[in-house]
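Below you'll find the structure, written out as structure tokens, and then a few comments.
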Amino acid sequence: MKAESIARWLLILLLPVLLLAALLLRSQGSSQAVELRARMPEQGGWTPTDMIMSAGQPLLLRLTSDDVLHGFAIGQSDEPAVDVFPGKMTELTLLFDQPGKYTYYCTRWCGANHWRMRGTIEVLPNPDQPDPTQVDVPNEESLFMRLGVELDGHPHTDLVPEQGRPDAHRAAALGIAPPESYLVPEYYRTHSPVEVFTALRREPFSASLSDQQVWDFVAWIWQQGTSSEKLAEGQELYTRNCAACHGTSGAGDGVMAAQVAAEYANSGHQSGPTNFTNPQRSLATSPAIQQGKIIRGGMGTGMPYWGPIFTEEQIWSLVDYLWTFQFDY
Amino acid sequence: MSRLELTRIPGIKTALRSRWPQLVLRVIALAGFALAIVAGISGTPVGSRNFAIVFVWIGWWALLMLVAVPLFGRGWCSICPIPMPGEWLQQGSLLKPQGKGLGLGWRWPNKLRNIWLQNGAFVLVALFSTVILTSPLTSALVLAAFLVVAVAASLVFERRAFCRYLCPVGGFIGLYSQVAPLELRVKDSSVCAAHTEKTCYQGSAEGYGCPWQVFPPGLVKNTYCGTCMECLRTCPHDNLTINLRPFGADLEKPSGRKLDEAFKAFIMLGSAMIYSAVMLGPWGFLKNAAYNIGSLQWLVYAAAFLTFIFLALPGLFYAAVALGQALSSNNAQVVRVRQRRPFSTHRQAFIAFAYSLVPLGLAAWIAFSLSFVLANLSYLWPVISDPLGWGWDLLRTAQAPWTPYLSGVTPILQAGVLLVGLLWAARTALRTPAAPGARPVLPRQQVIQALPVILFCSAVSFGLLGLLVA
């Protein structure tokens, strides 16, 4: 009977105590950090999707994925993205200096609805911090909003270059230049290439130029507004965030294109991601419209909104890069 | 055939008769089992980081198929945690018999005294295995269901009804335990004959009557002996022992061959082939069909699975056996000894020769297991430190990277195992004894009747070689 009692105690100690210890360790761990779980958007996306914290106070995040590899980054931030591995905890401490609403998002293509994987962190003013300053809402004064441009139209022109892609280098080699008013960003960003072409055609300097040479000057004007650094940044952003749908060549043939097209087939909008290599469409579109589309999204077309994710500068770099699908710089 | 009585070695008999070593191992196994259920339910849903998947389907499976079954037969059954809670309730004790336990103590129905239910249970699990093996929650629910059924069986029926007649794992462990080089047997059957109390079956103050419902003096093969060691404890004449013996000794004996066991051999061999195709093959549509449970394609997959293991494979084997019988019979005609046909019916021959598939099937499962066990064994190290995927690092191994082991030699090992399995199957077929009551067979006839069976085994082996290695 004594042996039986020992055996029963052995059982009691090894089983319930073990499980109880596990639960205690769990509750202790969770009290010190916020566990942020990532799942594919179809399975729920981020959990939790909304967090509240105070400015100036660190927030310890324990990131883990329940399915595939995800990435975590704060929108409009220079902090590098952190990979979120399946079943593995990655700790990350966030510290926001200023109050505001920040968006965190997935940086790894985890599925067709990857871009829906977003959440918000509301950072409240810290009473211990004197004179807190609200973060500027960056897109309130964006160009497309100030101009009130129509984003949901279907720009189209039949006036397109007939002898291939416009080339900025060819224009530069001619040794002449259009009036400087064309180079003001406010001008060319609010006009489509075809509008600029039409305006240039009326300028005296182009009287002896062929249509193709005038198109080359349009490319040259666009080239003057950007730089190799901006184009590199735009390309990186495009590759990471846009190419899955629009394709690396910009032809709207990315790996997710067919799925997006099927999903939004009955939405009444265009079928599939925009083809940036199509001159009829692209040359009738102004950079301001492209900026607006990127910030606001496609509204029912499957095009995500990137306003809370990219900075103003990043968006213009991206827009600049999109023109490389039409122009040779 | 020579035997070495291991219980003669000092310490071994004492260790086996004592309940403590076994109890400690059982409790550890039960703790692991409970942790697997808890981890599956409340741990990370990522299989490669969850104890329920990694420890059960990689760690335990490796231990079972690569070590326990080939070397110890039903050794795992002696410490298996699944029947423990039910058995303890039934017996009212963790150690020696003392007082009355719980339960109705019904006899298991006579019509179900076979392994057909085990065959069905295995097939049921096999059809859903792609999800069970990868989803911690599903895995945990299945393990919990095993536990519930085992407890219920212990409370309704006498002894270990779950282990003997229901456990989907126990069925194939029993089949392949015939290969193992260990056996529990009586030393001298005349001692048993003179022992009127039969405490090994009826029980005594020292222990319980055989929980596996086996009469130990009648043991001729390992299939149904759970190596629980109760008979070692209850025999007053110290007439039971654990023998070290040649591998596959049980396959040399003609007695006790049955259709349910024969079909178990087909189910296991067929499952190994299908798993190899689904999990290791290049066919995406097969994987999709196996994973999308409930879909039309899964229903087609399930129908194909069942057709293959219950009709196609046994059908082809039956044809091979019948051909062998016909050829040996015709050949006998030439040498004018037609009456020496070994089996009275093809059915008898089918059952007898099906035991050739025991070493072949075990080799197939070892080869299949090698492919994923060695590749995924390193998942154990992070899981040891963080069994639930909650971010612990108990043993500082949570960050251990995934590292496939012996990937260069795995195909060689697999090919070697399959070759050994084929040769062993051929040897078993060639030495398949005549059915009880049949007349002796001429050596030439023996070869001819086994030849189609050997060809069948060769085709299966080369098919597996292609799936696993090529």
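Take each of the peptides B:100-110, B:81-91, average the number of other beta-carbon atoms within 10 Å over its residues, and list them starting from the highest.
On the way: B:100-110: 12.4, B:81-91: 22.5.
Packing order, densest peptide first, comes out as B:81-91, B:100-110.
Can you tell me which of A:296-309, A:70-83, B:280-293 comes out highest on packing, and rank the rest after it, using the mean Cβ neighbours within 10 Å? List each step's numbers first, then the result.
Details: A:296-309: 19.3, A:70-83: 16.6, B:280-293: 14.4.
Ranked by mean Cβ neighbours within 10 Å, highest first: A:296-309, A:70-83, B:280-293.
Using θ = phi - 60° and the Karplus relation 6.51 cos²θ - 1.76 cosθ + 1.60, list the HN-Hα couplings for region A:295-307 in order, rounded to whole Hz, with x at every Gly or Pro.
Each residue's phi maps through the Karplus curve to give 5, 8, x, x, 6, x, 9, x, 6, x, 9, 10, x Hz.
Which of the aspartates and glutamates could a cross-linker span from B:Lys258 if the Cα-Cα distance has to be under 18 Å and same-chain partners fewer than 8 positions apart are dropped?
Leaving aside aspartates and glutamates fewer than 8 places away in the same chain, those within reach of B:Lys258 are B:Asp250.
What does the charge count near B:Glu183 come to, summing +1 for each Lys or Arg and -1 for each Asp or Glu among other residues with Cβ under 9 Å from its Cβ?
Around B:Glu183, the surrounding residues sum to +3.
When the helix-only estimate is applied to the protein assembly as shown (DSSP H runs of n ≥ 4, each -39,500 (n - 2.57), divided by the residue count), what is the mean residue ellipticity at 222 nm, nearest 500 deg cm²/dmol? Spell out each step's value before the answer.
Values: 32 runs with 357 residues, N = 799.
It lands at -13500 deg cm²/dmol.
Where the centre of each part is set by its Cα atoms, how far does region B:27-58 sit from region B:94-117, in angstrom?
Centre-to-centre (Cα) distance: 29 Å.
Quick one: accessible area per residue over the protein assembly as shown, 1.4 Å probe, rounded to a whole number of Å²?
44 Å²
Counting only C-alpha contacts under 8 Å and six or more residues apart, can you give the relative contact order of region B:98-157 as a whole percent? Before the final figure, lay out the partial values.
On the way: 23 pairs, mean separation 37.9, N = 60.
Answer for region B:98-157 is 63 percent.
What are the trypsin sites (Lys or Arg not before Pro) within region A:42-135 that DSSP puts in a loop, where the Cβ has at most 15 other Cβ atoms within 10 Å?
Numbers: sites: A:Arg62, A:Lys88, A:Lys101, A:Arg108, A:Arg116, A:Arg118; in loops: A:Lys88, A:Arg108.
Counting only loop positions with at most 15 other Cβ atoms within 10 Å, none of the trypsin sites (Lys or Arg not before Pro) in region A:42-135 qualifies.
Determine which aspartates and glutamates satisfy two conditions relative to B:Lys13: a Cα distance under 18 Å, and not lying fewer than 8 residues away in the same chain.
Partners found: B:Glu5, B:Glu183, B:Asp188, B:Glu206, B:Glu230, B:Asp238.
So what is the relative contact order for chain B, in percent, with contacts set as C-alpha pairs under 8 Å and at least six apart?
18 percent
Counting only residues 5 or more places away or on other chains, whose amide H sits under 5 Å from the amide H of B:Leu244 once H atoms are built in the peptide plane?
B:Leu4, B:Glu5, B:Leu6
Between region B:444-470 and region B:135-200, how many Å separate their Cα centres?
32 Å
In sequence order, what are the phi-derived ³J(HN,Hα) couplings for region B:195-202 according to the Karplus relation 6.51 cos²θ - 1.76 cosθ + 1.60 with θ = phi - 60°, rounded to whole Hz, with x for glycine and proline?
Once rounded to whole Hz, the list reads 8, 6, 6, 6, 5, 5, 9, 8.
Give me the inter-chain shielding for A:156-163: mean count of other chain Cβ atoms within 10 Å, whole number please.
Details: counts 0, 0, 0, 0, 0, 0, 0, 0.
Per residue, the number of nearby Cβ atoms from other chains is 0 on average.
Between rounded, prolate and oblate, where does chain B land on the alpha carbon gyration tensor, with a ≥ b ≥ c its root eigenvalues, rounded for a/c under 1.5, else prolate if a/b exceeds b/c?
Judged from the Cα gyration tensor, chain B comes out oblate (a/c at least 1.5, b/c at or above a/b).
Given a cut-off of under 8 Å on Cα pairs at least six residues apart, what relative contact order in percent is computed for region A:143-325?
30 percent
Identify unpaired cysteines across chain B, taking unpaired to mean no other cysteine Cβ lies under 4.7 Å from the residue's Cβ.
B:Cys77, B:Cys80, B:Cys163, B:Cys167, B:Cys192, B:Cys210, B:Cys225, B:Cys228, B:Cys235, B:Cys457
For peptide A:81-91, compute the average count of partner chain beta-carbon atoms within 10 Å of each residue's beta-carbon.
For peptide A:81-91, the averaged partner shielding equals 4.
Give a residue-ordered list of calculated ³J(HN,Hα) values for region A:189-202 (Karplus: 6.51 cos²θ - 1.76 cosθ + 1.60, θ = phi - 60°; whole Hz; x for Gly, Pro).
Each residue's phi maps through the Karplus curve to give 6, 9, 10, 7, x, 5, 5, 5, 4, 5, 5, 5, 4, 7 Hz.
Just order B:309-315, B:365-371 by mean Cβ neighbour count inside 10 Å, highest at the front, would you?
My ranking of the peptides, most packed first, is B:365-371, B:309-315.
Other chains' Cβ within 10 Å of A:9-18 residues: what's the mean? Spell out each step's value before the answer.
On the way: counts 0, 6, 9, 1, 2, 6, 7, 2, 1, 5.
Mean number of neighbouring Cβ atoms from other chains: 4.
Whole angstrom only: what separates the Cα centroid of region B:264-306 from the Cα centroid of region A:261-322?
Going from one Cα centre to the other spans 44 Å.
The values are calculated or read from the model by the stated rules, or taken from the named source; none is laboratory data. This is a predicted model, so every value here is computed, not measured. FYI the Cβ positions are ideal-geometry reconstructions off the backbone, even for glycines, and counts take in every protein chain you see. For accessibility, only protein heavy atoms count, side chains too; no ligands or nucleic acids. Shrake-Rupley method; radii C 1.70, N 1.55, O 1.52, S 1.80 Å.
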